[in-house]
Amino acid sequence: MNAFLAGLLLGFSLILVIGAQNAFVLRQGILGRFVFAVCLLAAISDAVLISVGTFGVGGYLGGQNDYLALGLKAAGIVFLGWYGAMKLRNAWRMPAQHLPKVRAGERFLPTMATCLAITWLNPHVYLDTVVVIGGVSSSFPQAKAAFAAGATLASFAFFFLLGYGGRLVGPVFERPGAWKRLDMGVGVMMLAIAAGLLLKNV
C-alpha cells in the first residue's frame with residue numbers, strides 16, 4: 001500500500017505540469033472533440049512508459065546493481081528538486097498564458113496522430129516516466145508492481161478528469177492567476193517528495 005500511494009503521489013506530481021500534452025488534452029476537452037480517445041491514448045502511452053521505467057531501464061537494472069540504483073535515486077531526487085524549484089520560479093515570474101487556438105473541423109486520425117506525437121516525441125515524458133519513476137521505483141524492490149499501478153492510475157485519473165472537466169475548468173485556466181497557483185502547488189509537492197526521498201536514503 002505504501003508503494004502504491006508513493007507511485008500515485010509521484011505520478012500526480014509529475015503529470016501536473018503545464019506542458020504540451022496536458023494542454024492538448026485540456027483543449028480537446030474544451031472543444032468536446034474525441035475526448036475519450038485522446039484521454040485513453042495519452043493514458044495508455046504513459047502506462048507503457050511507466051512499465052518500461054519500473055520493470056526495465058529504471059526498475060530491473062536499478063534493482064540488480066546497487067550503484068546504478070543509487071544513481072537512479074539520486075537522479076530522481078535532483079530532478080524533482082530542480083523541477084520543483086523551477087515551478088516555484090515560474091509561478092513567481094509567470095506571464096500571461098493562454099491555451100493554443102484550435103482549428104475547426106479536426107478529424108479523428110490527425111487528432112490521434114497529434115496526441116501520439118506530443119507524447120512520444122516529448123523528451124520530458126521519457127524523463128518523467130522512465131528515468132524519474134523508474135529510478136524511484138528502486139526504493140520499493142518488493143513492490144514494484146504496486147508502485148507502477150499507483151503511477152499508472154494517476155495518469156488515467158488525471159487525463160480523464162482533465163479531458164472531461166475541460167469544459168468546466170477551461171475558462172478558469174485561461175487566466176494567468178490559475179496557472180500561477182497550479183505551478184506553485186506542483187513546485188511545493190515536488191520539493192516535498194524530493195526531500196522525503198533524500199531523508200529515506202540518508
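Of note:
- Taking the range 173-188 as the range and being modelled with pLDDT of 75 or more and either among the hydroxyl-bearing types (Ser, Thr, Tyr) or open to solvent by 50 Å² or more (accessible area, probe 1.4 Å) (or both) as the test, the residues that pass are 180, 181, 184, 188.
- Residues that are open to solvent by less than 60 Å² (accessible area, probe 1.4 Å) and at pLDDT below 85, drawn from the range 148-171: 166, 169, 170
- The one condition from (1) open to solvent by 50 Å² or more (accessible area, probe 1.4 Å); (2) modelled with pLDDT of 75 or more that residue 141 does not meet is (2).
- For the range 107-136, filtered to residues that are outside any helix (DSSP H, G or I) and at pLDDT below 80, the residue that is farthest from residue 75 (Cα to Cα) is 121.
The values are calculated or read from the model by the stated rules, or taken from the named source; none is laboratory data. Just so it is clear, the structure is predicted and the values come from calculations on it, not from any experiment. For the accessible areas, the whole protein counts, side chains as well, though only heavy atoms, and no ligand, DNA or RNA atoms are used. Shrake-Rupley method; radii C 1.70, N 1.55, O 1.52, S 1.80 Å.
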